[in-house]
Structure formats: structure tokens, C-alpha cells
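The values are calculated or read from the model by the stated rules, or taken from the named source; none is laboratory data. Values in this document were obtained by computation on a predicted structure and should not be read as measured data. In this analysis, Cβ positions are derived from the backbone assuming ideal geometry, glycine residues included, and neighbour counts consider all displayed protein chains. The protein model used for the area step is the full one, side chains on, heavy atoms only, and it has no ligands, DNA or RNA in it. Shrake-Rupley method; radii C 1.70, N 1.55, O 1.52, S 1.80 Å.
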Amino acid sequence: MTRGLFSAGPPQDEKQPPRGGSDPRSGGAWGAFFITGTDTEIGKTAITAALTHLAAQSGLRAAAIKPLAAGQDCVDGRWVNEDVLRLRAASNMDLRDDEVGPLQLRTPCAPHIAARLEGRTISRDSLLAAVRGVAARADIAFVEGVGGFRVPLVPGWDTADLAVDLGLPVVLVVGLRLGCINHALLTAEAVRARGLPLAGWVANTVDAAMAHGADNLAALEAGLSAPLLGHVPRLSDPHPAAIAAHLPKALALLLAQQAA
């Protein structure tokens, strides 16, 4: 049984809108960025919330959107996703939970598995419409992916395709831990292979005891060939303002690319 906004059936073939337009309904680059990461649990939501906070503090109407979120808890009789709540709190717009997180699944696993277990269907058209509808009301929007860059959603459509359909430049969150160089370079290669610009990357410390941190950062800077938006240390209280303090030039760098 299919519930909510998402209709039954496989993704529909649709003509892709031209990229680079200023109209959010065009599906092109409309003052928005797609946030992806080198893996799951490397701080995408924390960085997305911090970027949203920075934009809101600058006076922009800033929306954070997580099109798919897997894993909910029942709090006071209401099923909620922690990431969605965190992103909603970072925004200065009056958005509902279901606008920040259009498709929220209860099972904490890959979305296509969670959807199957729960009898729900992921509809490409409905998901894109939901994201575009919220972004159209904002001056800037940060659209957070799920897991890494290529997470399957339905046969023939994954999160990389979602980014392509939205036509958004990509911000890569690199979780600093052993293996991050390989993961980051492969992700950047996948982003560019799809014709999407890598707008910048954030070095987010996952393993505070990581050996040879400076050498790893140098290798990432050389290999990614994109602006480093900031280096976030391991924080005891990683709330958006605290993280944003380590991203002082991030918003300016991103907006400059939008204007170019």
C-alpha cells in the first residue's frame, strides 16, 4: 500500500529542463546546492544545517531540504526524523516537517530497502516537484542527499540522478578518516562525469585521532580541484552556529559561483 505524497509505479520518463536558468520551476541552477558526502554518517546534515544558518544570518530566505530521510523515532506520539528536525530548525522559513523532508521512512537503512519494507513507493516526479516547490519560495536552498553520492532509489534512478534532474552544483562533505582521499576523489569524479560542477568541499573531522591529517588535507586539496569551504574540527556540541564559525567564507564562495 502506497501512502502520502508519493504515488505508485516506476519513475516516469520526463524531458529534462535546461540547466542554468534562474527560475526554480526550470529545474536548473536557481540559487541552490546539492550536498553530498563521501559516505553515510560523515556529517552531511550538520554541514547542511550550518550552511543554512549562514545564509539565514546573512538575511537570505534559506531552506534546507532532505528529499529522502530513512529512520524515524516516535516522539510524543509523532513519528519524526532527527535530521529533518535539525534542518528545519536551521532555516529561517516557516516550513513544515514534510516540506523539509518530503519522504520520511521509518526504517534506518537504504531508502529503496526501507520503502520496500514499508510498502511505499518512491516517485521521481513527486519527489522533484516537492523539492522544487520549497526551493521556489527561498532565496537559497541546500538539498541534502542521503548516504553517499550514488544511493539507489528505484531501478534506473539513484541520488546522483536526483542531483542531475535538479541541475544543481554539488558541495561535497569529506569525512576526515582513513580512506577519505579515495572516497573523495571517486565521488568528485562521479559528480563531474554527470556534468555537474563541484562547487566546493568541506573537510569534516570524523576521526579526531586520524594520523597525518595535514598530509591528507593537502592531498585532498590537490586532487579535488575545487574550493575548500572550511575545515570543521570534532566539536563537543556541533550545533549550526558552532560549525558555521569554521566556514567563514563558505557562503561567499558559493554565491560567487552562482553569480559567475
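Just for strands (runs of 3 or more DSSP E) wholly inside the range 151-213: which have at least 3 residues that are without any contact (Cβ under 8 Å) to a residue 40 or more places away in the chain?
On the way: elements: 152-154, 170-176, 198-205.
The qualifying strands (runs of 3 or more DSSP E) are 198-205.
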From the list ALA64, ALA138, ALA89, ALA115, which residue is more than 24 Å from ASP165 (Cα to Cα) and among the aliphatic types (A, V, I, L, M)? ALA89
May I ask you to list the residues in the range 182-197 that are farther than 11 Å from ASP39 by Cα, in contact with a helix residue (DSSP H, G or I) (Cβ under 7 Å, 6 or more places away or on another chain) and crowded, with 20+ Cβ neighbours inside 10 Å? ALA188, LEU196
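Quick one: would you say HIS212 is under 14 Å from LEU51 (Cα atoms) and open to solvent by 80 Å² or more (accessible area, probe 1.4 Å)? First the steps, then the outcome.
Values: under 14 Å from LEU51 (Cα atoms): no; open to solvent by 80 Å² or more (accessible area, probe 1.4 Å): yes.
So HIS212 does not fit the description; no.
For ARG192, state whether it is closer than 25 Å to LEU251 by Cβ and basic (Lys, Arg).
Values: closer than 25 Å to LEU251 by Cβ: yes; basic (Lys, Arg): yes.
So ARG192 fits the description; yes.
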Just for the range 230-256: of the residues that are more than 15 Å from ALA203 (Cα to Cα) and in a loop (DSSP other than H, G, I, E, B), which one is nearest to the chain's Cα centre (by Cα)? HIS239
Just need a number here: residues in the range 215-229 that are part of a helix (DSSP H, G or I) and either open to solvent by less than 60 Å² (accessible area, probe 1.4 Å) or at pLDDT below 95 (or both). 7
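Quick one: count up the residues across the range 56-90 that are acidic (Asp, Glu) and in contact with a His (Cβ under 7 Å, 6 or more places away or on another chain). Talk me through it step by step, then tell me what you get.
If we filter the range 56-90 for residues that are acidic (Asp, Glu), which is where we start, we get 73, 76, 82-83.
Narrowing the set further to residues that are in contact with a His (Cβ under 7 Å, 6 or more places away or on another chain) leaves none.
Residues in the range 56-90 being acidic (Asp, Glu) and in contact with a His (Cβ under 7 Å, 6 or more places away or on another chain): 0 in total.
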Residues located in the range 106-134, provided they are aliphatic (A, V, I, L, M) and under 17 Å from the mean Cα position of the chain (by Cα): ALA110, LEU127, LEU128, ALA129, ALA130, VAL131, VAL134
Out of all the residues in the range 239-258, which are more than 17 Å from ALA62 (Cα to Cα) and at pLDDT below 95? GLN257
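Applying the selection to the range 144-183, what residues are charged (D, E, K, R) and in contact with a Ser or Thr (Cβ under 6 Å, 6 or more places away or on another chain)?
Within the range 144-183, the subset charged (D, E, K, R) is 144, 150, 158, 161, 165, 177.
Residue satisfying the conditions is GLU144 alone.
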